[in-house]
Amino acid sequence: MRSPFILVIFGATGDLTHRKLMPALYRLVRDRAIEPPFFTVGVGRRHLTRDQFAELMVKAVRDTVGSDFSASVWKKILDGLEYQQGLFEDAPLYGGVRGLIGNFDHMAGACIPRFFYLATPPAHYEAILTNLKNSGLSEGCMPKDASARVKKSGNRASRVFIEKPFGSDLATAHHLEALLSAVFDEHQIYRIDHYLGKETVQNILAFRFGNGIFEPTWNRDFVDHVQVTLAEEGGIGTRGAFYDGVGALRDVVQNHVLQMVSLIAMERPRAFDAASIRNARVSAMEDIDCIDPRFVSQLVVRGQYEGYLREPGVAAGSRTETFAAMRFAIGNERWRGVPFYIRTGKMLANRVTEISLHYKKPVVCYGKLCLFNEENVYRNVLSLRIQPEEGISLRFMVKEPGLGMLSLTRKEMTMNYRDAFPEKTSHDAYERLFLDGIRGDQTLFARTDEIEASWQFVTKILDGWKRYRPPLYPYRKGTWGPHAAGKRIAKDGRQWFLV
Ligand code: BG6
């Protein structure tokens with residue numbers, strides 16, 4: 001894509017820029033998805049020269065791409081790379097950024113669209129957004145007096161990319177949204193939930209709506225229940241200070257897990273465009289029945305891995321959950337009566353993210369007359385594996401070969417992406433999101449009403465925890481979380497699929 005832009009990264013010496021943003025930019029340039037001229041301004045608090053900053057960035061890229069590193073590809077980024085030091089709350093910083101942007105405009109001979117990426121801890125969002133507005137930088141190439149109509153149609157307007165967490169409950173999310181909307185219009189705001197950029201997450205829609213046999217059964221007439229597991233083998237690493245103030249519910253349920261639920265639960269979008277897909281996602285999210293705080297103790301299990309309190313950055317006696325599992329319902333025509341079970345945690349037995357639809361069992365007995373031994377008949381399960389080993393599998397019953405009595409056994413049909421498409425390289429979620437953001441496609445970004453609906457749900461659980469203080473179950477590292485989570489689902493006569 002040859003369409004000049006200026007990317008201003010706030011938090012350019014931080015972890016996200018190092019691990020994700022710079023490597024994503026590099027790969028997009030390597031794959032010629034992005035072509036010069038484009039410019040990158042790193043903004044950070046550390047005192048660095050432009051060359052020292054460039055050294056850090058090339059290291060970030062090398063750390064990720066390893067021996068695939070190409071100096072000629074890196075040069076395309078380096079030629080347009082600058083660094084601006086300063087404190088995010090200080091106005092002179094923005095004057096400095098303005099100066100650099102002015103130089104780039106001059107080099108390109110035009111006013112180039114500006115994209116502001118907030119890769120900082122959320123505590124800095126308010127200062128950055130306010131200063132972007134006060135300095136006029138958020139106006140981008142649009143004249144200050146441009147009418148709303150011109151603004152909306154102008155592709156030269158600036159954009160802002162913002163990372164989760166979008167607040168820490170409904171009230172703080174509202175505050176952030178108010179700040180954002182005071183500076184940018186919704187069409188300029190790109191809220192990043194990197195799960196939406198994952199290939200298999202997108203494939204959920206292709207699979208559902210591109211296959212005649214699945215969509216007709218994707219409802220309460222056929223589906224007994226749905227499970228979503230986002231399990232991590234790793235702990236909190238060096239993020240203790242951040243994570244301890246957040247916990248599993250806010251860290252991944254409010255965003256990644258509920259995004260997956262809404263893609264599974266949504267109705268058919270009118271078209272494959274941003275507005276239709278986002279509308280469908282939002283409606284599904286809004287249809288999720290909030291759990292009444294009084295019933296949170298019964299429907300939600302929270303846990304903390306043993307040893308968490310010894311992690312660096314974690315407060316003494318912290319009651320932050322590193323595991324959460326729950327059951328909820330979606331009260332619309334399609335899903336009424338179908339329980340959704342979701343589960344996430346750190347330090348679990350495996351790193352796996354999977355969505356599974358568990359179909360109702362067939363009727364094998366009429367009174368005492370049975371076709372098969374009912375006990376040997378299991379549900380059909382359709383699993384959509386997001387990571388690792390992305391793929392799709394279907395469990396079904398078959399006859400066990402042999403001359404004896406007819407007996408059934410479970411088997412799986414599996415499609416693994418890597419085997420099925422060996423020649424295709426899969427792209428990191430950030431590459432996809434970056435490119436879409438630069439192109440101006442908002443489909444895979446969260447919209448304000450989506451954020452609102454997910455916080456409505458999560459805040460009720462937080463209220464229940466605060467008011468009724470249900471147990472925080474300890475669990476051993478390398479297990480599937482507290483026993484209580486297994487007992488909870490067993491009460492309904494079901495079990496977790498991945499164990
Ligand atoms: C992030 C969370 O949003 O998602 C992390 O803050 C979590 O705590 C991560 O580890 C999981 O993402 P992925 O892509 O590794 O599954």
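Computed about its Cα centre, the charge dipole of the chain is approximately 780 debye, with only Lys, Arg, Asp and Glu carrying charge at their Cβ.
Computed on the Cα atoms alone, the convex hull of region 8-116 gives a volume of 97 cubic angstrom per residue. For the chain, the fraction of 1.4 Å probe accessible surface lying on carbon and sulfur atoms is 52 percent. Toward the positive end of the charge dipole of the chain, about the Cα centre and with charges on Cβ (Lys, Arg +1; Asp, Glu -1), which of 161, 293, 38 goes farthest? Farthest towards the positive end: 293. The overall shape of region 239-298 is oblate: from the C-alpha gyration tensor, with semi-axes ordered a ≥ b ≥ c, the ratio a/c is 1.5 or greater and a/b is no larger than b/c. Judged by the ratio a/c of the largest to the smallest principal axis of the C-alpha gyration tensor, region 87-239 counts as prolate, that ratio being 1.5 or greater while a/b is larger than b/c. Using alpha carbons only, what's the Rg to Rh ratio of region 403-497 with Rh from Kirkwood? On the Cα set of region 403-497, Rg over Rh gives 1.13.
Set Lys and Arg Cβ to +1 and Asp and Glu Cβ to -1, take the dipole of the chain about its Cα centre, and tell me which of 80, 18, 471 lies farthest positive. So the residue furthest toward the plus end is 471. Divided by 2.2 N^0.38 Å, where N counts the residues, the Cα radius of gyration of region 409-450 comes to 1.80. Placing +1 on the Cβ of every Lys and Arg and -1 on the Cβ of every Asp and Glu, with no other charges, gives region 348-452 a dipole of roughly 640 debye about its Cα centre. The charge dipole of region 148-251, taken about its Cα centre with unit charges on the Cβ of Lys, Arg, Asp and Glu (plus for the first two, minus for the last two), comes to roughly 680 debye. In the structure shown, the pairs 346/399; 75/198; 361/477; 133/346; 164/361; 411/477 are assessed against 32 Å; a Cα-Cα span above that value is assigned to 346/399; 361/477; 133/346; 164/361. For the chain, the relative contact order works out to 16 percent when only alpha carbon pairs closer than 8 Å and six or more residues apart are counted. Checking the a/c ratio against 1.5 first, then a/b against b/c, what shape does the Cα gyration tensor give for the chain? Note, shape of the chain comes out prolate.
Think of the chain as a dipole: +1 on every Lys or Arg Cβ, -1 on every Asp or Glu Cβ, centred on the Cα centre; then among 416, 377, 9, 377 lies furthest on the positive end. Antiparallel beta bridges, as assigned by DSSP with both residues in the chain, represent about 55 percent of the total such bridges.
The values are calculated or read from the model by the stated rules, or taken from the named source; none is laboratory data. If you're wondering where the values come from, they're calculated on a predicted model, not measured in any experiment. In this analysis, Cβ positions are derived from the backbone assuming ideal geometry, glycine residues included, and neighbour counts consider all displayed protein chains. Keep in mind that these areas ignore ligands, DNA and RNA; they rest on the heavy atoms of the full protein, side chains included. Shrake-Rupley method; radii C 1.70, N 1.55, O 1.52, S 1.80 Å.
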